[in-house]
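> Sharing a structure below in structure tokens format, with a few things to ask.
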Amino acid sequence: MTRAPSAWDEFLTGVKEESPLLLGVVPFGMIYGVLGVEAGLDPLVVFFMSSIVFGGASQVIVTQLAAASAGSLVIASTVGIVNLRHMLYSARMVEYLSGLGRGWKIILSYLLTDEAFFISLNRMENRPAGPFMHYHLLGTGLTLWVSWQFATLAGIVIGEAIPPSLGFGFAIPLTFLAITAPQIKSWPAAAALITSAVMALVCYEMPWNLWIITASLAGMAAGYITETARAGNQDGDNKNGANKIGRGS
């Protein structure tokens, strides 16, 4: 009879399976640290944002908007929209973590980043359930958290040593392109990207940098409409196919 993995086994497995992703996470964290300093933010603010927010894309957005003198409402709203995907992550994890106490749920929800979610979800869906499988998510999440703090610190140190004449402001849009481009794998995603880009250009002169929220909402709406239309067309094709089979028989 196979022994169920212990809490330590699950934790170490999570650390091991998450480690290869650090090849992309660590450079990104360093870029964020450099950008935060280049944007004029206090180094302590840049560092502790990695502990409090703990979200790469969100932190870069905050840095970009702060450098553009955006209002706090615009910053909070934009970050909230970007992080709506975490509600989907949490909903997907409910069936595996619903039996845990409140303390565990708070800790794991804090550590539930994109990379930790996909790695730990793969474990929970494709391996036998166990009483300590939540330690796998603890392992993936903590691995990312620790590496993100050190990467941010390294970026801050590097950023403070770079002369102002060698500004890295151009790295912000390049970073977003690197994050966004691999995600464009379907027509709804392409529609969302194109629509948000066009709306950003059209609405750029809006006060309080509201063009960011407007473009984001327009992109989300375009993606949803395109996905709904595609699903409707597929249902229609399936029904037509079933009708033809029925008549043929």
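The values are calculated or read from the model by the stated rules, or taken from the named source; none is laboratory data. Quantities reported herein were computed from a predicted structural model and do not represent experimental measurements. Quick reminder, even Gly has a Cβ in these numbers, built from the backbone with ideal geometry, and neighbours come from all protein chains shown.
> Please state which one of Ser58, Ser69 is hydroxyl-bearing (Ser, Thr, Tyr) and over 19 Å from the mean Cα position of the chain (by Cα).
Ser69
> Mind checking whether some residue in the range 34-45 is outside any helix (DSSP H, G or I), free of Cβ contacts under 8 Å to residues at least 24 places away in the same chain and not hydrophobic (A, V, I, L, M, F, W, C)?
Within the range 34-45, one or more residues are outside any helix (DSSP H, G or I), free of Cβ contacts under 8 Å to residues at least 24 places away in the same chain and not hydrophobic (A, V, I, L, M, F, W, C).
> Any residue at all in the range 76-89 that's of a type in the set (D, E, K, R) and surrounded by 13 or more Cβ atoms within 10 Å (Cβ to Cβ)?
no
> Quick one: Phe176 ticks every box in (1) modelled with pLDDT of 65 or more; (2) hydrophobic (A, V, I, L, M, F, W, C); (3) surrounded by 14 or more Cβ atoms within 10 Å (Cβ to Cβ) bar one, so which box is it?
Here Phe176 clears every test but (1).
> So, one more: So, Glu160, is that one surrounded by 15 or more Cβ atoms within 10 Å (Cβ to Cβ) and acidic (Asp, Glu) or not?
no
> Among the residues of the range 2-39 satisfying the criterion of being among the aromatic types (Phe, Trp, Tyr) and crowded, with 16+ Cβ neighbours inside 10 Å, which is nearest to Thr143 (Cα to Cα)?
Per the criteria, the residue is Phe11.
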